[in-house]
1. Grab the other residues whose beta carbon is less than 14 angstrom from that of A62, score K and R as +1, D and E as -1, and report the net.
2. Estimate the FRET efficiency between K8 and E73 by the formula 1/(1 + (r/R0)^6), using the beta-carbon distance for r and 25 Å for R0, to the nearest 0.05.
Amino acid sequence: MLNLQITKEQVFSLIEQLSLTEQQEILQYLSQKLHSQPIDSQSNPDHTSEHPINQLSGKITAFQGVNALAWQEQIRSEWDETGLSH
């Protein structure tokens with residue numbers, strides 16, 4: 001089994017290259033994952049508001065003009081060159 005070492009910075013870089021819609025899908029996914037985790041009422045008994053990540057929903061627009069298809073083709077080409085696609 002292949003074990004990849006991916007840094008947080010690499011993940012952020014990849015997310016930045018996604019379309020606004022794809023970024024929003026990631027935010028929604030993370031928000032759902034965060035809300036599905038049990039809340040420790042001992043550490044934060046006044047936890048009545050939404051998680052701060054929800055405040056970002058729909059606000060990330062810095063990479064709206066990125067050509068996602070071209071990026072995917074570039075990454076797949078690099079994977080083919082390095083043998084990671086097999």
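Here, each number is a calculation from the coordinates, and none is a lab measurement. Keep in mind the model is a prediction, meaning the values are calculated, not measured. Here the Cβ is made from the backbone with ideal geometry for all residues, glycine too, and neighbour counts use every protein chain on show.
1. -1
2. With R0 = 25 Å, the Cβ-Cβ based efficiency is 0.50.
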